[in-house]
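The values are calculated or read from the model by the stated rules, or taken from the named source; none is laboratory data. Computed from a predicted model, the values in this text were never measured in an experiment. For neighbour counting, all protein chains shown are included, and Cβ atoms are generated from backbone atoms with ideal geometry for every residue, glycine included. For accessibility, only protein heavy atoms count, side chains too; no ligands or nucleic acids. Shrake-Rupley method; radii C 1.70, N 1.55, O 1.52, S 1.80 Å.
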Amino acid sequence: MPIVTLKGDLQTCSHHDDRLFDRAMTMSLKRSLLVFTALSAVLPLVMACVLVPPIPDAEPGTDIVINRELPESVEQAVLGAMAQTLGVTTDTVEIVGSSPQTWSDSCFGLGGPAESCLFVLTDGWQVQAIHRPSGTQYTYRTDATGSRARRQP
């Protein structure tokens with residue numbers, strides 16, 4: 001709709017129309033950008049809710065593991081590391097529990113003051129193993145493949 005001023009001529013009216021059009025387009029682009037930003041933030045959450053199956057009911061404080069078996073490579077890494085630390089053979093140590101974890105850094109949350117750990121989320125395992133003759137239990141943390149294993153103090 002053209003803006004008419006008492007002193008205006010057609011050129012002034014046209015100039016006002018262009019400014020209104022530019023302003024309307026700018027506002028429209030800002031709204032579109034806002035909607036796009038909001039959708040791009042919400043869409044991954046919605047997809048996660050749709051794609052992740054519901055977790056079955058369990059007692060509070062119970063860890064639930066769905067289709068996550070301890071890989072053989074992780075099991076062997078933990079048994080080997082534990083046997084080496086204790087100076088025994090691997091047939092005297094046994095895995096008694098495990099759970100998948102996401103560690104806060106590349107040192108599995110066990111880095112000391114003299115270590116440089118990357119602050120990157122690291123998928124892996126927390127594994128409980130026991131030395132059968134003594135009954136002593138140890139906890140190890142690993143990466144997803146078992147290429148690195150560390151005993152938890």
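Residues whose amide H lies under 5 Å from that of ASP143, counting only those 5 or more places away or on a different chain, are TRP125, ARG148; hydrogens are built 1.01 Å from N in the peptide plane.
Amide H to amide H, with H built 1.01 Å from N, CYS107 comes under 5 Å of LEU118, counting only residues 5 or more places away or on other chains.
For the range 116-126, the Karplus equation 6.51 cos²θ - 1.76 cosθ + 1.60, evaluated at θ = phi - 60°, returns couplings of 10, 10, 6, 7, 9, 4, 10, 6, x, 9, 10 Hz by residue, with Gly and Pro reported as x. Residues of the range 104-148 with backbone nitrogen within less than 17 Å of a virtual label 7 Å along the Cα-to-Cβ line of GLU69, please, listed as ranges. So the set is 145-146. The length gained by stretching the chain between ALA114 and THR89 to full extension, at 0.36 nm per residue less their Cα-Cα distance, is 5.9 nm. Ranked by solvent-accessible area (1.4 Å probe, protein heavy atoms only, all chains present), the residues ARG141, ARG31 order from largest to smallest as ARG31, ARG141. ASP22 contributes an accessible area of around 90 Å² to the protein surface, as traced by a 1.4 Å probe with all chains present. In order along the range 100-106, the phi-based Karplus estimate (6.51 cos²θ - 1.76 cosθ + 1.60, θ = phi - 60°) of 3J(HN,Hα) comes to x, 9, 10, 7, 7, 8, 6 Hz; Gly and Pro are listed as x. Sorting 97-106, 72-81 by average packing, meaning the other beta carbons within 10 Å per residue, from highest down gives 72-81, 97-106.
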